[in-house]
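Asks: This is the structure I have questions about; it appears just below.
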Amino acid sequence: MPTLKKTAAQMVQESRDRIEEIETADLIAMLDDPDVVIVDIRDVRERQRTGFIPGSFHAPRGMIEFWVDPGSPYHKDVFAQEGKKYVFHCASGWRSAITVATLQDMGFDAAHLKDGFGSWEKSGGPVEKIATKD
């Protein structure tokens, strides 16, 4: 096995050291704020299995940079809203920390849910389930 120059855990910590982290209780309090856009970067199967934060926008991690970039053919208008606070989340806060650091490197201002969706559920944050076909 090759020796890595940097571990995933180191990348997460370096990201956390330079981004805005939002505590779960604070994001729960912001849920109805029309100026906050919550972005769920988890895999679609995670959302199907565990549900999602009501009103959140789903943007798979693999497409974030392309969806945010207005010069990309994959750009999504949700990321072009002036005056919005974007808060990204994943399951535990690792993927979203790295994602937000990357977006900040691109010049896109964002924050992330520090402890992820797992903490959201444990703290009693509302969860919407995806309807399944019977």
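Only the coordinates and a few stated rules stand behind these numbers; no lab work does. Treat the numbers as computed from the prediction; the structure is a model and nothing was measured. Cβ sites come from the backbone with ideal geometry, for glycine too, and all protein chains shown count toward neighbours.
Asks: Could you please let me know if residue 42 is under 16 Å from residue 127 (Cβ atoms) and surrounded by fewer than 12 Cβ atoms within 10 Å (Cβ to Cβ)?
Replies: no
Asks: When you look at residue 78, is it in a helix (DSSP H, G or I) and touching a Phe, Trp or Tyr at 6+ places or on another chain (Cβ under 7 Å), yes or no?
Replies: Yes.
Asks: A further question on this structure: Within region 75-133, can you find the residues that are under 9 Å from the mean Cα position of the chain (by Cα) and of a type in the set (S, T, N, Q)?
Replies: Answer for region 75-133, where residues must be under 9 Å from the mean Cα position of the chain (by Cα) and of a type in the set (S, T, N, Q): 96, 99.
Asks: Only one of (1) free of Cβ contacts under 8 Å to residues at least 60 places away in the same chain; (2) touching a Leu at 6+ places or on another chain (Cβ under 8 Å); (3) crowded, with 17+ Cβ neighbours inside 10 Å fails for residue 65. Which number is that?
Replies: The one condition residue 65 does not meet is (3).
Asks: Restricting attention to region 91-103, which residues are in a helix (DSSP H, G or I) and under 20 Å from residue 54 (Cβ atoms)?
Replies: Answer for region 91-103, where residues must be in a helix (DSSP H, G or I) and under 20 Å from residue 54 (Cβ atoms): just 96.
Asks: Mind checking which residues of region 15-45 are in contact with a strand residue (DSSP E or B) (Cβ under 8 Å, 6 or more places away or on another chain), of a type in the set (Asp, Glu) and closer than 20 Å to residue 101 by Cβ?
Replies: 20, 21, 40
Asks: Just the residues that are surrounded by 13 or more Cβ atoms within 10 Å (Cβ to Cβ) and part of a loop (DSSP other than H, G, I, E, B), please, taken from region 11-32.
Replies: Once the filter is applied, which keeps residues that are surrounded by 13 or more Cβ atoms within 10 Å (Cβ to Cβ) and part of a loop (DSSP other than H, G, I, E, B), region 11-32 yields 19, 23, 31.
Asks: Taking region 104-134 as the search range and keeping residues that are assigned to a strand (DSSP E or B), out of contact with any Leu (no Cβ under 8 Å at 6 or more places or on another chain) and not small (Gly, Ala, Ser), which one is farthest from residue 54 (Cα to Cα)?
Replies: Ranking the qualifying residues of region 104-134, first place goes to 112.
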